[in-house]
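What follows is a short report on a single structure.
Please treat every number below as a calculation from the coordinates, not as lab data. A quick note: this is a predicted structure, and the numbers were derived from the prediction, not measured. In this analysis, Cβ positions are derived from the backbone assuming ideal geometry, glycine residues included, and neighbour counts consider all displayed protein chains.
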Protein chains: 2
Amino acid sequence: MKEVSITGAYQTQFGMLKTVTIRELIFEAGMKAVADSGLTLDQIEMIYVGNYASTDFNDLNLIGPYVASILGIPNTPSMHIENACSSGAVSIQLAKSMIATGVYKNALVLGVEKMNTKAPDETMRIIAKGGDPEFGNSLSVSAPSIYALYATRHMADFGTTKEHLAMVATKNYANGAKNPKAHKQKEIDLPRIMKAPMITSPLGLHDVSLVTDGAAAVVLMPSEDAKKLHPKPVRIIGAGIGAEDNNIGNKESFVSLLSTVRAAQKAYTEAKVSPSDINMAEVHDCFTITEILDIEDLGFFKKGEGGFAVAEGQTKITGKIPVNMSGGLKSKGHPIGATGVAQAVEIIEQMRGLTGERQVKQTDLGLTHTLGGSPGIAAVNIFRKDF
Amino acid sequence: MKEVSITGAYQTQFGMLKTVTIRELIFEAGMKAVADSGLTLDQIEMIYVGNYASTDFNDLNLIGPYVASILGIPNTPSMHIENACSSGAVSIQLAKSMIATGVYKNALVLGVEKMNTKAPDETMRIIAKGGDPEFGNSLSVSAPSIYALYATRHMADFGTTKEHLAMVATKNYANGAKNPKAHKQKEIDLPRIMKAPMITSPLGLHDVSLVTDGAAAVVLMPSEDAKKLHPKPVRIIGAGIGAEDNNIGNKESFVSLLSTVRAAQKAYTEAKVSPSDINMAEVHDCFTITEILDIEDLGFFKKGEGGFAVAEGQTKITGKIPVNMSGGLKSKGHPIGATGVAQAVEIIEQMRGLTGERQVKQTDLGLTHTLGGSPGIAAVNIFRKDF
């Protein structure tokens with residue numbers, strides 16, 4: 001098994017990009033990532049495309065050959081991976097495995113979602129298709145309702161407060177304000193967040209992530225090749241996928257996301273590192289409570305202590321373990337298929353010292369984490385600076 | 001790299017199954033394939049789901065965890081692969097690679113499509129999303145129009161006739177009539193096919209495949225384990241994916257599907273066999289002309305001689321190289337995501353001597369072939385009897 005590294009890495013502007021087509025997002029992310037990779041386009045052997053619902057949002061299915069064609073390499077094989085919000089992260093895992101084992105010499109992984117194409121209620125209906133169809137969607141149990149249950153239970157069991165949730169939002173807004181590619185580049189203070197309209201109690205308007213257009217891409221290859229082709233390669237040292245029942249009626253816990261726990265265990269084992277070794281993380285903050293669950297389930301803090309850790313500033317850029325330096329799904333935005341790839345790009349740019357005002361000091365080991373569904377699936381990837 | 005074999009293999013009834021839900025299709029295929037595999041459900045390490053458009057047909061995305069949950073193993077990780085009509089075949093390839101390299105000890109590959117849920121024009125619109133969106137769909141260049149171009153050019157260059165096309169249909173209808181799980185189990189004679197209403201000249205009603213509901217599943221594991229667990233394992237000795245521009249305006253040829261040629265070359269090379277070694281094949285006859293192109297591009301016949309070979313009966317069950325013994329997409333039916341997996345099931349059941357009246361004599365080496373898009377992608381898998 002070969003070690004695998006990323007050389008090329010790029011994220012487009014994220015936002016509600018009314019005048020930008022999915023074609024343009026794909027072109028920009030793919031061309032720039034390959035340009036950064038040290039390879040030429042015609043050397044790319046395989047394309048993995050992470051995308052949730054271009055068939056719904058863009059009347060486009062079989063997105064793999066579309067990506068290949070846009071990049072001018074229509075004869076390059078491709079595969080479309082759909083695992084809801086973990087589509088991009090899982091595509092990176094797949095590319096890593098196929099290169100580690102010598103099936104391909106390299107691969108382009110491109111995550112994309114152009115979501116702002118429909119009326120808001122139709123958009124919500126498309127997103128809700130990732131829930132359990134018979135025991136979730138049919139009972140109108142949407143994502144905010146689900147995570148509100150987790151928030152309520154977490155508050156009851158551990159004393160987590162609405163202020164703790166709000167402080168996740170203030171932190172991520174503050175980080176996003178320092179990220180020129182973030183969807184929302186504006187700090188919002190605690191009082192305003194606390195007073196925001198309620199969505200599903202206890203989650204208010206600022207506890208919820210964004211509906212975003214964007215793309216991101218990375219180029220993977222054996223680490224020995226990466227060292228020759230790029231001055232600042234980043235190695236993927238661990239990757240794990242974990243599952244739990246996607247049906248909200250069958251959850252074993254409402255204070256822990258077990259898919260995260262299972263994915264993290266696999267990734268840490270492969271990487272031979274422990275949570276305390278990680279210098280920074282991009283995690284799936286689809287809701288503010290989710291980030292609190294994540295940082296506990298990933299092992300950065302003990303179960304029940306996540307909200308307090310946030311309140312103490314331990315997850316700020318200057319804290320013990322910076323979390324969502326990019327602004328996260330809350331502020332950088334959440335183009336579903338792109339998110340896992342964009343998280344990797346943030347980790348890589350942090351390691352390369354390219355992140356300006358939001359630069360973290362210690363960047364040797366970084367972790368990304370995405371969830372998919374209600375949630376039914378999680379993916380954790382661990383990266384090591386290799387220069 | 002480990003050798004990989006299939007033990008469990010199962011296909012549901014194919015058809016316009018008005019009273020059968022996608023949930024029931026998944027349950028039957030998954031349970032029966034695992035029951036045939038020698039493994040128990042809780043031993044399954046990974047699930048790959050081949051599906052084209054459950055989000056459109058069934059308001060269901062993130063289908064992986066849904067499959068896991070239906071099978072009663074919700075904590076088993078999963079991944080949804082979408083490569084249009086090659087989704088199932090590519091899922092098998094992926095599972096093979098991941099097992100060959102030791103990432104997983106086994107995997108369930110389940111292909112499914114429940115298509116008969118919408119009005120016919122809406123169904124056609126969903127299928128057309130697999131074409132090139134800007135230079136195909138927007139100009140209403142649908143699949144029949146595209147393959148009519150190939151038929152016209154093939155006829156002009158090689159003297160292929162409308163009777164040749166019709167004889168592909170009579171053969172596949174005759175084979176399907178012997179397959180109790182086929183969508184259409186009825187022989188139709190040449191005169192009736194020749195007189196059928198025209199769809200897109202020269203393709204008539206009987207030159208076109210069906211809109212089908214169905215599922216199929218296989219269980220893969222290292223060949224050394226398969227030999228211990230099943231008396232009749234079947235080895236996957238070659239797998240290839242090939243691409244060409246999905247935009248009909250950019251085709252290099254209208255008498256050859258280059259994605260097939262490229263996929264076949266890879267599969268033959270890996271399998272260390274040549275086309276003349278293959279005993280039987282299930283190929284992508286989305287249209288009758290496509291089967292003629294396929295049997296040439298796969299190397300069974302010289303370019304231009306496919307139609308004449310069909311007319312001579314060389315592709316009948318009793319012929320030199322039996323093709324689409326199951327009835328093919330034309331008669332067995334074409335539930336998009338299931339097709340590549342169902343083809344593998346037919347090859348395996350032929351090797352196991354379970355195919356009754358449509359049984360082929362020589363069954364040592366079998367090949368499956370699927371196309372996706374306009375077409376933009378092809379997958380070829382080669383199987384060897386291992387008992």
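Points to keep in mind about this one:
- Average partner coverage of B:101-110, which counts Cβ from other chains inside 10 Å: 2
- Once divided by 2.2 N^0.38 Å, the Cα radius of gyration of the stretch A:85-211 becomes 1.33.
- Under Karplus coefficients 6.51, -1.76 and 1.60, residue-wise ³J(HN,Hα) of the stretch B:149-163 in Hz, glycine/proline x: 4, 4, 4, 4, 5, 5, 4, 5, 7, 10, x, 4, 10, 5, 5
- The dipole here belongs to chain B: it is taken about the Cα centre, uses +1 on the Cβ of Lys and Arg and -1 on the Cβ of Asp and Glu, and is about 780 debye.
- Mean Cα-pair separation over length for the stretch A:4-152, i.e. relative contact order, pairs under 8 Å, 6 or more apart, %: 26
- Cβ-based exposure ranking for B:F300, A:F387, B:F308, in which fewest neighbours within 10 Å come first: A:F387, B:F308, B:F300
- Per residue of peptide B:43-53, the mean number of Cβ atoms on other chains within 10 Å of the residue Cβ is 1.
- The Cα-based radius of gyration of chain B, divided by its Kirkwood radius, gives an Rg/Rh of 0.94.
- Each Cα pair of the stretch A:226-299 feeds into the Kirkwood radius, which the Stokes-Einstein equation turns, at 4 °C and 1.567 mPa s, into a diffusion coefficient of 93 µm²/s.
- Here is the size of the protein assembly as shown from its Cα atoms: Rg then Dmax, 25.6, 82 Å.
- Taking 18 Å as the straight-line reach from the Cα of A:K186, the lysines in range (excluding those fewer than 8 positions away in the same chain) are A:K171, A:K178, A:K195, A:K316, A:K330, A:K332.
- For the stretch B:238-270, backbone nitrogen atoms closer than 18 Å to the point 7 Å from B:K302 Cα along Cα-to-C-beta are found at B:255-256.
- Chain A, relative contact order [Cα under 8 Å, separation at least 6], %: 26
- Nearest residue to the symmetry axis between B and A, taken on chain B by its Cβ, in whole Å: B:T101, 2
- Calculated label separations, A:L205, copies of the chain, 7 Å along the beta-carbon direction, nm: 5.9
- Evaluated at q = 0.24 Å⁻¹: base-10 log I(q)/I(0), Debye formula over Cα of the stretch B:155-247: -1.16
- Percent of alpha-carbon pairs separated by more than 25 Å within the stretch A:210-336: 34
- Using a 7 Å Cα-to-Cβ projection, A:A35 label spacings across copies, nm, ascending: 5.8
- Footprinting exposure proxy for A:K171, B:K228, A:K316 (fewest neighbouring C-beta atoms within 10 Å first): B:K228, A:K316, A:K171
- Shape box of the stretch A:299-384 [Cα atoms, principal axes, largest first, Å]: 34, 30, 24
- In summary, the lysines within cross-link reach of A:K105, defined as a Cα separation below 17 angstrom excluding same-chain residues under 8 places away, comprise A:K2, A:K96, A:K227, A:K228, B:K266.
- Counting, for every residue in B:80-91, the Cβ atoms of other protein chains within 10 Å of its Cβ and taking the mean gives 5.
- Residue-span extension gain [B:D364 to B:K320] - 0.36 nm each, minus C-alpha spacing: 14.4 nm
- Working note: 222 nm ellipticity from helices only, DSSP H runs with n ≥ 4, each -39,500 (n - 2.57), summed and divided by the residues of chain A, gives -10500 deg cm²/dmol to the nearest 500.
- Normalised by the number of residues in the stretch B:81-193, the average gap of Cα pairs under 8 Å and 6 or more apart makes the relative contact order 12 percent.
- With its label point put 7 Å out from Cα toward Cβ, B:G356 sits 7.0 nm from the same residue's point in the other copies, in order from shortest.
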